[in-house]
1. Ignoring ligands, DNA and RNA, what accessible area per residue does region 216-345 give at 1.4 Å, in Å²?
2. Hey, can you grab everything whose amide H is under 5 Å from the amide H of Val200? Only 5+ residues off in sequence or another chain; H modelled, so Pro and N-termini drop out.
3. Before I look further, what does region 133-180 give for accessible area per residue, probe 1.4 Å, in whole square angstrom?
4. I'd like to know how region 106-261 sits against the 2.2 N^0.38 Å rule of thumb: what's its Cα Rg over that expected value?
5. Express in nm, to one decimal, how much length is gained between Thr110 and Asn231 on full extension, taking 0.36 nm for each residue of separation and deducting their alpha carbon distance.
6. Using a 1.4 Å probe on the protein chains only, how many percent of the accessible area of the chain belongs to carbon and sulfur?
7. Placing +1 at every Lys and Arg Cβ and -1 at every Asp and Glu Cβ, with all other atoms neutral, what dipole size does the chain have around its Cα centre, in debye to the nearest 20?
8. How much FRET efficiency would the formula 1/(1 + (r/R0)^6) give for Ala47 and Asp264, where r is the Cβ-Cβ distance and R0 is 35 Å, rounded to 0.05?
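The values are calculated or read from the model by the stated rules, or taken from the named source; none is laboratory data. Since this is a predicted model, take the numbers as computed values, not measurements. As a convention, Cβ positions derive from the backbone with ideal geometry for all residues, glycine included, and neighbour counts pool all protein chains shown. Heads up: the accessible areas ignore ligands, DNA and RNA and are worked out on the full protein's heavy atoms, side chains in. Shrake-Rupley method; radii C 1.70, N 1.55, O 1.52, S 1.80 Å.
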Amino acid sequence: MTTSDPTLEATVAVGLIGAGGIGTFHGESLAARVHGTRLAAVADPAAGAADRLANALGCERTYTDAADLLADEQVEAVVIAAPARFHADLVEAAARVGKAVFCEKPMAVTLPDADRAIAAADAAGVPLQVGFNRRFDPGFRAAHEQVATGRIGTPQLLRSLTRDPGIPDPSRVPPSTIFLETLVHDFDALRYLNPGAQAVDVYAVADALAYPDHKKRGLQDTAVVLVRFDNGAIATAEANFNAVYGYDIRGEAFGSNGMVTIGDQRRTTATYYGRDGVVSGAWQRNIDLFHDAYVAELAAFAICVRRGGTPSVTGEDARAALAIALAAIRSAESGRPVRLDEIER
(Lines give C-alpha, C1' and ligand atoms only; values in the text may rest on other atoms or scores of the structure.)
Protein backbone atom coordinates (compact mmCIF):
# COMPACT_ATOMS: atom_id res chain seq x y z
CA MET A 1 0.00 0.00 0.00
CA THR A 2 1.16 3.52 -0.79
CA THR A 3 -0.52 6.29 1.14
CA SER A 4 -0.71 9.64 -0.58
CA ASP A 5 -2.23 13.04 -0.05
CA PRO A 6 -2.05 15.05 -3.26
CA THR A 7 -2.86 18.23 -1.34
CA LEU A 8 0.14 17.97 1.00
CA GLU A 9 1.96 21.24 0.40
CA ALA A 10 5.59 20.07 0.55
CA THR A 11 7.58 16.95 1.28
CA VAL A 12 8.48 16.37 4.93
CA ALA A 13 12.16 15.51 5.41
CA VAL A 14 12.25 12.83 8.11
CA GLY A 15 15.20 11.45 10.04
CA LEU A 16 14.99 7.88 11.33
CA ILE A 17 16.58 6.94 14.64
CA GLY A 18 16.95 3.17 14.90
CA ALA A 19 17.59 0.78 12.01
CA GLY A 20 16.31 -2.44 13.59
CA GLY A 21 13.24 -4.41 12.57
CA ILE A 22 10.48 -1.82 12.97
CA GLY A 23 12.92 0.98 12.11
CA THR A 24 13.67 -0.71 8.81
CA PHE A 25 9.96 -0.97 7.99
CA HIS A 26 9.37 2.68 8.91
CA GLY A 27 12.38 3.68 6.82
CA GLU A 28 11.00 1.81 3.82
CA SER A 29 7.64 3.49 4.32
CA LEU A 30 9.14 6.97 4.55
CA ALA A 31 11.23 6.34 1.45
CA ALA A 32 8.67 4.62 -0.77
CA ARG A 33 5.23 4.03 0.72
CA VAL A 34 4.15 7.38 2.13
CA HIS A 35 3.77 10.18 -0.40
CA GLY A 36 4.70 13.49 1.14
CA THR A 37 7.70 12.19 3.09
CA ARG A 38 11.38 11.81 2.29
CA LEU A 39 13.86 9.71 4.28
CA ALA A 40 16.48 12.40 4.86
CA ALA A 41 18.83 10.64 7.30
CA VAL A 42 19.28 7.47 9.35
CA ALA A 43 21.01 7.10 12.72
CA ASP A 44 21.92 3.92 14.57
CA PRO A 45 24.81 3.28 17.00
CA ALA A 46 25.48 -0.25 15.69
CA ALA A 47 28.41 -0.31 13.28
CA GLY A 48 27.18 -0.21 9.69
CA ALA A 49 23.48 -0.48 10.53
CA ALA A 50 22.53 3.02 9.39
CA ASP A 51 24.68 2.77 6.27
CA ARG A 52 23.16 -0.54 5.21
CA LEU A 53 19.59 0.69 5.54
CA ALA A 54 20.29 4.09 4.01
CA ASN A 55 22.11 2.59 1.04
CA ALA A 56 19.23 0.22 0.37
CA LEU A 57 16.75 3.10 0.43
CA GLY A 58 18.74 5.72 -1.45
CA CYS A 59 19.35 7.91 1.58
CA GLU A 60 22.72 9.69 1.62
CA ARG A 61 23.00 10.96 5.21
CA THR A 62 23.85 8.55 8.04
CA TYR A 63 24.99 8.90 11.63
CA THR A 64 26.04 6.66 14.50
CA ASP A 65 25.00 9.29 17.07
CA ALA A 66 21.37 10.39 17.21
CA ALA A 67 22.50 13.81 18.43
CA ASP A 68 24.18 14.41 15.07
CA LEU A 69 20.98 13.56 13.22
CA LEU A 70 19.03 15.92 15.46
CA ALA A 71 21.54 18.67 14.66
CA ASP A 72 21.07 18.13 10.92
CA GLU A 73 19.27 21.20 9.59
CA GLN A 74 17.94 19.23 6.65
CA VAL A 75 15.90 17.04 8.99
CA GLU A 76 12.48 18.51 9.79
CA ALA A 77 10.93 15.64 11.74
CA VAL A 78 12.11 12.42 13.35
CA VAL A 79 10.81 8.89 13.70
CA ILE A 80 12.17 7.24 16.83
CA ALA A 81 12.49 3.46 16.57
CA ALA A 82 15.31 2.95 19.08
CA PRO A 83 15.02 0.63 22.13
CA ALA A 84 12.29 1.74 24.54
CA ARG A 85 14.65 2.85 27.32
CA PHE A 86 15.95 5.65 25.08
CA HIS A 87 12.59 6.94 23.88
CA ALA A 88 11.90 9.70 26.40
CA ASP A 89 15.40 11.17 26.13
CA LEU A 90 15.20 11.18 22.34
CA VAL A 91 11.74 12.76 22.32
CA GLU A 92 12.97 15.50 24.64
CA ALA A 93 16.14 16.09 22.63
CA ALA A 94 14.25 16.22 19.33
CA ALA A 95 11.65 18.62 20.69
CA ARG A 96 14.32 20.94 22.07
CA VAL A 97 15.74 21.47 18.58
CA GLY A 98 12.30 21.99 17.08
CA LYS A 99 11.82 18.65 15.35
CA ALA A 100 8.37 17.11 15.08
CA VAL A 101 8.38 13.67 16.70
CA PHE A 102 6.90 10.29 15.91
CA CYS A 103 7.93 7.84 18.64
CA GLU A 104 7.36 4.11 18.71
CA LYS A 105 5.61 2.75 21.78
CA PRO A 106 6.19 2.89 24.66
CA MET A 107 6.99 6.59 24.61
CA ALA A 108 8.65 6.14 28.02
CA VAL A 109 9.09 3.46 30.68
CA THR A 110 8.30 5.64 33.72
CA LEU A 111 5.64 8.29 34.27
CA PRO A 112 8.16 11.03 35.11
CA ASP A 113 9.92 10.30 31.82
CA ALA A 114 6.59 10.42 29.99
CA ASP A 115 5.77 13.76 31.60
CA ARG A 116 9.20 15.09 30.66
CA ALA A 117 8.74 14.07 27.01
CA ILE A 118 5.25 15.57 26.80
CA ALA A 119 6.39 18.80 28.44
CA ALA A 120 9.30 19.15 26.02
CA ALA A 121 7.02 18.78 22.99
CA ASP A 122 4.49 21.22 24.45
CA ALA A 123 7.18 23.79 25.26
CA ALA A 124 8.62 23.55 21.75
CA GLY A 125 5.22 23.62 20.08
CA VAL A 126 5.99 20.53 17.99
CA PRO A 127 3.66 17.60 17.31
CA LEU A 128 4.31 14.40 19.25
CA GLN A 129 2.67 11.26 17.89
CA VAL A 130 3.09 7.77 19.37
CA GLY A 131 3.04 4.53 17.40
CA PHE A 132 -0.14 2.82 18.53
CA ASN A 133 -0.80 1.47 15.06
CA ARG A 134 -4.01 -0.38 15.87
CA ARG A 135 -5.83 2.96 15.89
CA PHE A 136 -5.05 3.16 12.18
CA ASP A 137 -6.29 -0.34 11.35
CA PRO A 138 -9.65 -0.19 9.54
CA GLY A 139 -11.20 -2.82 11.82
CA PHE A 140 -10.19 -1.17 15.08
CA ARG A 141 -11.16 2.25 13.74
CA ALA A 142 -14.60 1.03 12.66
CA ALA A 143 -15.14 -0.60 16.07
CA HIS A 144 -14.11 2.61 17.83
CA GLU A 145 -16.59 4.60 15.76
CA GLN A 146 -19.41 2.17 16.53
CA VAL A 147 -18.74 2.51 20.25
CA ALA A 148 -18.30 6.30 20.05
CA THR A 149 -21.58 6.77 18.18
CA GLY A 150 -23.49 4.62 20.68
CA ARG A 151 -24.29 1.79 18.32
CA ILE A 152 -23.44 -0.90 20.88
CA GLY A 153 -25.02 1.08 23.72
CA THR A 154 -23.22 1.43 27.03
CA PRO A 155 -19.85 -0.41 26.99
CA GLN A 156 -19.86 -3.21 29.55
CA LEU A 157 -17.21 -5.76 28.59
CA LEU A 158 -14.07 -5.09 26.57
CA ARG A 159 -11.34 -7.42 25.39
CA SER A 160 -8.00 -7.11 23.64
CA LEU A 161 -5.40 -9.78 23.03
CA THR A 162 -1.94 -10.13 21.53
CA ARG A 163 -0.42 -13.52 20.79
CA ASP A 164 3.02 -13.44 19.25
CA PRO A 165 4.22 -16.44 17.21
CA GLY A 166 7.45 -16.81 19.17
CA ILE A 167 10.64 -15.30 20.56
CA PRO A 168 13.89 -16.15 18.73
CA ASP A 169 15.98 -15.68 21.90
CA PRO A 170 14.01 -15.52 25.19
CA SER A 171 17.22 -14.80 27.12
CA ARG A 172 17.32 -11.32 25.59
CA VAL A 173 13.78 -10.35 26.64
CA PRO A 174 13.62 -8.11 29.75
CA PRO A 175 11.21 -9.32 32.47
CA SER A 176 8.56 -6.60 32.05
CA THR A 177 8.49 -6.63 28.24
CA ILE A 178 5.09 -8.31 28.11
CA PHE A 179 3.53 -5.34 29.91
CA LEU A 180 5.60 -2.39 28.67
CA GLU A 181 6.06 -3.34 25.02
CA THR A 182 3.35 -5.88 24.18
CA LEU A 183 0.28 -5.36 26.36
CA VAL A 184 0.75 -1.60 26.21
CA HIS A 185 -0.79 -1.93 22.72
CA ASP A 186 -3.78 -3.71 24.25
CA PHE A 187 -4.15 -1.12 27.00
CA ASP A 188 -4.28 1.60 24.38
CA ALA A 189 -6.71 -0.46 22.31
CA LEU A 190 -9.01 -0.85 25.33
CA ARG A 191 -8.97 2.91 25.85
CA TYR A 192 -9.66 3.40 22.14
CA LEU A 193 -12.63 1.01 22.34
CA ASN A 194 -13.95 2.83 25.42
CA PRO A 195 -13.58 6.48 24.34
CA GLY A 196 -13.53 9.06 27.09
CA ALA A 197 -13.24 6.54 29.92
CA GLN A 198 -10.27 6.30 32.25
CA ALA A 199 -8.84 3.22 33.94
CA VAL A 200 -9.48 3.02 37.69
CA ASP A 201 -7.72 -0.13 38.82
CA VAL A 202 -5.84 -3.12 37.46
CA TYR A 203 -5.33 -6.74 38.47
CA ALA A 204 -2.73 -8.80 36.62
CA VAL A 205 -1.29 -12.30 36.68
CA ALA A 206 1.73 -13.39 34.66
CA ASP A 207 4.02 -16.39 34.35
CA ALA A 208 6.55 -18.11 32.12
CA LEU A 209 4.42 -20.81 30.54
CA ALA A 210 5.80 -20.75 27.00
CA TYR A 211 9.47 -20.62 28.04
CA PRO A 212 9.55 -22.03 31.60
CA ASP A 213 13.34 -22.49 31.54
CA HIS A 214 13.64 -18.69 31.67
CA LYS A 215 11.29 -18.17 34.60
CA LYS A 216 14.08 -17.94 37.21
CA ARG A 217 15.53 -14.85 35.62
CA GLY A 218 12.11 -13.17 35.63
CA LEU A 219 10.78 -13.74 32.13
CA GLN A 220 7.02 -13.38 31.81
CA ASP A 221 5.66 -14.72 28.53
CA THR A 222 1.98 -15.13 29.41
CA ALA A 223 -0.25 -12.58 31.11
CA VAL A 224 -3.88 -11.71 31.74
CA VAL A 225 -4.90 -8.28 32.98
CA LEU A 226 -8.28 -7.10 34.31
CA VAL A 227 -8.93 -3.36 33.98
CA ARG A 228 -11.90 -1.49 35.47
CA PHE A 229 -12.88 1.84 33.93
CA ASP A 230 -14.62 4.80 35.51
CA ASN A 231 -17.69 4.33 33.30
CA GLY A 232 -18.20 0.86 34.82
CA ALA A 233 -16.84 -1.14 31.89
CA ILE A 234 -14.75 -4.19 32.76
CA ALA A 235 -11.93 -5.08 30.37
CA THR A 236 -9.49 -7.91 29.92
CA ALA A 237 -6.19 -7.89 28.08
CA GLU A 238 -4.10 -10.98 27.47
CA ALA A 239 -0.80 -11.79 25.84
CA ASN A 240 1.34 -14.80 25.06
CA PHE A 241 4.68 -15.10 23.28
CA ASN A 242 4.19 -18.53 21.69
CA ALA A 243 1.18 -18.70 19.36
CA VAL A 244 2.36 -21.54 17.16
CA TYR A 245 -0.31 -20.83 14.53
CA GLY A 246 0.68 -17.22 13.78
CA TYR A 247 0.42 -13.58 14.84
CA ASP A 248 -2.96 -13.16 16.52
CA ILE A 249 -4.49 -9.78 17.39
CA ARG A 250 -8.15 -9.43 18.33
CA GLY A 251 -10.48 -7.05 20.11
CA GLU A 252 -14.07 -6.93 21.30
CA ALA A 253 -16.48 -4.38 22.73
CA PHE A 254 -19.74 -5.66 24.25
CA GLY A 255 -22.46 -3.22 25.25
CA SER A 256 -26.08 -2.87 26.24
CA ASN A 257 -27.22 -2.80 22.60
CA GLY A 258 -24.82 -5.20 20.95
CA MET A 259 -21.23 -6.15 20.29
CA VAL A 260 -18.45 -5.42 17.83
CA THR A 261 -15.44 -7.66 17.27
CA ILE A 262 -12.14 -7.01 15.53
CA GLY A 263 -9.34 -9.18 14.25
CA ASP A 264 -8.60 -12.11 12.00
CA GLN A 265 -5.18 -13.74 12.02
CA ARG A 266 -5.76 -15.29 8.59
CA ARG A 267 -3.72 -13.70 5.81
CA THR A 268 -6.42 -14.60 3.30
CA THR A 269 -10.03 -15.70 3.38
CA ALA A 270 -9.13 -18.59 1.08
CA THR A 271 -9.52 -21.80 3.06
CA TYR A 272 -8.32 -25.27 2.05
CA TYR A 273 -10.48 -28.29 2.84
CA GLY A 274 -8.59 -31.57 2.54
CA ARG A 275 -7.18 -34.66 4.24
CA ASP A 276 -5.40 -32.51 6.80
CA GLY A 277 -8.63 -30.79 7.77
CA VAL A 278 -9.63 -27.20 7.21
CA VAL A 279 -6.57 -24.99 6.72
CA SER A 280 -6.16 -21.25 6.29
CA GLY A 281 -2.77 -19.53 6.29
CA ALA A 282 -2.01 -17.07 9.10
CA TRP A 283 0.11 -13.93 9.36
CA GLN A 284 3.44 -14.48 11.10
CA ARG A 285 4.65 -10.89 11.63
CA ASN A 286 3.16 -7.69 12.99
CA ILE A 287 4.38 -5.70 9.97
CA ASP A 288 2.40 -8.03 7.71
CA LEU A 289 -0.83 -8.08 9.70
CA PHE A 290 -0.73 -4.32 10.29
CA HIS A 291 1.17 -3.31 7.15
CA ASP A 292 -1.33 -0.69 6.04
CA ALA A 293 -1.88 0.63 9.56
CA TYR A 294 1.87 1.22 10.02
CA VAL A 295 1.94 3.14 6.75
CA ALA A 296 -1.21 5.10 7.60
CA GLU A 297 0.13 6.30 10.95
CA LEU A 298 3.21 7.79 9.28
CA ALA A 299 1.04 9.41 6.61
CA ALA A 300 -1.06 10.99 9.37
CA PHE A 301 2.10 12.18 11.09
CA ALA A 302 3.35 13.84 7.89
CA ILE A 303 0.05 15.68 7.45
CA CYS A 304 0.18 16.83 11.06
CA VAL A 305 3.76 18.10 10.62
CA ARG A 306 2.91 20.04 7.49
CA ARG A 307 -0.46 21.44 8.51
CA GLY A 308 -0.28 21.59 12.29
CA GLY A 309 -2.95 20.34 14.64
CA THR A 310 -3.00 17.62 17.27
CA PRO A 311 -1.86 14.10 16.35
CA SER A 312 -4.53 11.44 16.60
CA VAL A 313 -2.39 9.48 19.09
CA THR A 314 -0.86 11.89 21.57
CA GLY A 315 1.76 11.77 24.27
CA GLU A 316 -1.08 11.84 26.78
CA ASP A 317 -2.54 8.71 25.18
CA ALA A 318 0.84 7.02 25.52
CA ARG A 319 1.13 8.10 29.15
CA ALA A 320 -2.32 6.69 29.97
CA ALA A 321 -1.46 3.31 28.44
CA LEU A 322 1.90 3.33 30.26
CA ALA A 323 0.17 3.98 33.58
CA ILE A 324 -1.98 0.88 33.08
CA ALA A 325 1.13 -1.13 32.18
CA LEU A 326 2.96 0.03 35.30
CA ALA A 327 -0.07 -0.78 37.45
CA ALA A 328 -0.19 -4.24 35.87
CA ILE A 329 3.48 -4.81 36.67
CA ARG A 330 2.93 -3.82 40.30
CA SER A 331 -0.19 -5.99 40.50
CA ALA A 332 1.60 -9.04 39.09
CA GLU A 333 4.44 -8.52 41.57
CA SER A 334 2.19 -7.96 44.60
CA GLY A 335 -0.64 -10.34 43.78
CA ARG A 336 -3.28 -7.69 44.47
CA PRO A 337 -5.34 -5.17 42.52
CA VAL A 338 -3.61 -1.82 42.04
CA ARG A 339 -5.41 1.49 41.70
CA LEU A 340 -4.14 3.84 39.03
CA ASP A 341 -3.78 6.65 41.55
CA GLU A 342 -1.17 4.53 43.36
CA ILE A 343 1.03 4.73 40.27
CA GLU A 344 0.81 8.50 40.26
CA ARG A 345 2.30 8.85 43.74
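1. 49 Å²
2. The answer is Arg228, Phe229, Asp230.
3. 46 Å²
4. Against the empirical 2.2 N^0.38 Å value, I get 1.12 for region 106-261.
5. On the way: separation 121, 0.36 × 121 = 43.56 nm, distance 2.60 nm.
Contour length minus Cα-Cα distance gives 41.0 nm.
6. 50 percent
7. The dipole of the chain has a size of about 660 debye.
8. After rounding to 0.05, the efficiency reads 0.30.
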